[in-house]
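Quick notes on the structure that follows.
Every number here is computed from the coordinates shown, using simple stated rules; none is lab data. Bear in mind that the values here come from a model prediction, so they are computed numbers and not experimental data. Cβ sites come from the backbone with ideal geometry, for glycine too, and all protein chains shown count toward neighbours.
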Amino acid sequence: MFETLSERLSGALERLTRQGALTEADVATALREVRVALLEADVSLPVARDFAKAVQEKATGQAVTKSITPGQQVVKIVHDELVRVLGGDGEGIGRLKVDTPPAPVLMVGLQGSGKTTTTAKLAKRLSEKEGKRVLMASLDTRRPAAMEQLAVLGRQVGVDTLPIVAGQDAVAIAKRAKQQAALGGYDVYMLDTAGRLHVDDELMAEVAAVRDATGPHETLLVVDGLTGQDAVNVAEQFDGRVGISGVILTRMDGDGRGGAALSMRAVTGKPIKFVGLGEKMDAIEEFDAQRVAGRILGMGDIVALVEKAQETIEAEQAERMMKRFQKGQFNMNDLRMQLEQMLKMGGMQGLMGMMPGMGKMARQVEEAGFDDSVIRRQIALINSMTRKERANPDLLQASRKKRIAAGAGQDVSDLNRLLKMHRQMADMMKKMGKMGKKGLMRGGLG
Ligand code: GDP
């Protein structure tokens, strides 16, 4: 999977990691190569362009972390961006909504994409891993061989298939499967729809009719991962005409160019839920963006190194901050760090929530509708202060307040709210400082 792309990407980035200092031109050159590598892997042009742009922006804004080189840091940024484009730890990856029995799962895709094989693989997985009773039915009325193929695979994996009745159309078979699933106490029934060589109106109308007759909980599109940008086009068409809940990329065991995986989420907005990795019935895996990004980049050591360094820095920062709190010191820089921490932890459970007395405050603030955008606005206010003002907020008189609020595009009342919050927190810190180190540590931060 991804061998060529992987070689190209690591080639472009390895040169960076060997250099001590990086110029903007170095980064730009490397990113140009990254973009070409993506395009050669058949990643769609807008996705490749956005990718390079996002990396460039993050690389420029990044504070340099000691003990790692800027080049290594760029590798980590590229890695994180790959994970993001691939769908991150997104909802619903590797899981199917099949909790209310009998749950219909509609399998759609072009002929030869691996749809029938994948249906049987998933059925096996659902029955073996999740203990579901599964019924499979082939709706491919034009190709009796395809119906027979599903029955053979069903026997092979120990999953029941709906008996074949000649002369029924797709909707009639689907209704029969629904009835049989309900009567037979099945948890899930999977409908393997007919494929065509190309997307056509007749096929879409038939799939839509089956959808309307059964109300599927999942509509999974099976596409051949080797077909690159075509796979993404097929996904857009199916999604537009019948609506899909997720994608399964097959043939990811071959040295595909990998572009489909990278473009799919960005272009269609639909998650890749599984990948097919061979012809055997076990050759299916949950799609894991972290793992796939790791395979694409092939520079896992560097990514791990940077993560470690960043963790160390954060730990050091937290420790410095604790020391200040113990002395009862809490200025605007401290507040900004707290706010940034909150953003990073995705809410109010940051350092603040871990500290004695602060957990309650964190909850109160949260209940008052304190979300990311509020935090960002507060950080903007602090950024609008001078260094002196940040170190000593007592300096803030009317004219300074006006300047700061205007600089952040906000009102003085917003700034006053921030100052009030700062005062409350500073008071708390003073009290805790008096409690001394021991008192603070007992709260759970030790
Ligand atoms: P359908 O026409 O979409 O139902 O496609 P099939 O399920 O009949 O699959 C077509 C061929 O692709 C079969 O020979 C499968 O064994 C093969 N196939 C399906 N999935 C994969 C996969 O993930 N990797 C590989 N290497 N072959 C696959």
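Comparing 72, 378, 180 in a Gaussian network model of the chain (Cα springs below 10 Å), the most mobile by mean-square fluctuation is 378. Counting beta carbons within 10 Å around each of 183, 381, 150 and listing the fewest first gives the order 183, 381, 150.
Springs between alpha-carbon atoms under 10 Å, Gaussian network over the chain: tell me which of 104, 46, 271 tops the mean-square fluctuations. With Cα springs under 10 Å in the chain, the top fluctuation among 104, 46, 271 is at 46.
For residue 36 and residue 340, what is the calculated FRET efficiency with R₀ set at 30 Å and r taken between the beta-carbons, to the nearest 0.05? FRET efficiency, residue 36 to residue 340: 0.25.
Can you give the angle from 0 to 90° between the axis of helix 259-268 and the longest principal axis of the chain, with both taken from C-alpha atoms, to the nearest 10? The two axes meet at around 80 degrees.
Per residue and in Å³, how big is the convex hull formed by the alpha-carbon atoms of the chain? Write down the numbers at each step before the final one.
On the way: hull volume 81.7 nm³, N = 446.
Per-residue hull volume (Cα only) is 183 Å³.
Using the alpha-carbon atoms, what tilt in degrees (0 to 90, nearest 10) does helix 70-85 show relative to the longest principal axis of the chain? Helix 70-85 sits at roughly 50 degrees to that axis.
Where the only charges are on Cβ atoms (+1 Lys, Arg; -1 Asp, Glu), what is the dipole of the chain about its Cα centre, to the nearest 20 debye? It would help to have the intermediate numbers written out before the result.
Values: 64 positive and 57 negative charges, 569 e Å.
Dipole of the chain, to the nearest 20 debye: 2740 debye.
Residue-normalised convex hull volume from the C-alpha trace of the range 103-287: 100 Å³ per residue. For residue 129, the lysines whose Cα falls under 29 Å of its own Cα, not counting residues fewer than eight places away in the same chain, are 97, 115, 121, 175, 178, 270, 273, 280. Straight-line cross-link reach from residue 132 at under 13 Å between alpha-carbon atoms covers these aspartates and glutamates, not counting any fewer than eight positions away in the same chain: 99, 160, 187.
Just the number, please: Stokes-Einstein D of the range 223-351 in µm²/s, Kirkwood Rh from C-alpha pairs, 25 °C, 0.890 mPa s. Before the final figure, lay out the partial values.
Values: Rh = 18.2 Å.
Taking Rh from Cα pairs, D becomes 135 µm²/s.
Can you say what percent of the DSSP beta bridges in the chain, counting only those with both residues inside, are antiparallel? Round to 5. Let's see the in-between values first.
Values: 3 of 28 bridges.
Within the chain, antiparallel bridges account for around 10 percent of the total.
Taking label points 7 Å from Cα along the Cα-to-Cβ direction, residue 311 and residue 111 give a separation of 5.3 nm.
Helix 398-407 and the longest principal axis of the C-alpha atoms of the chain enclose an angle of approximately 30°.
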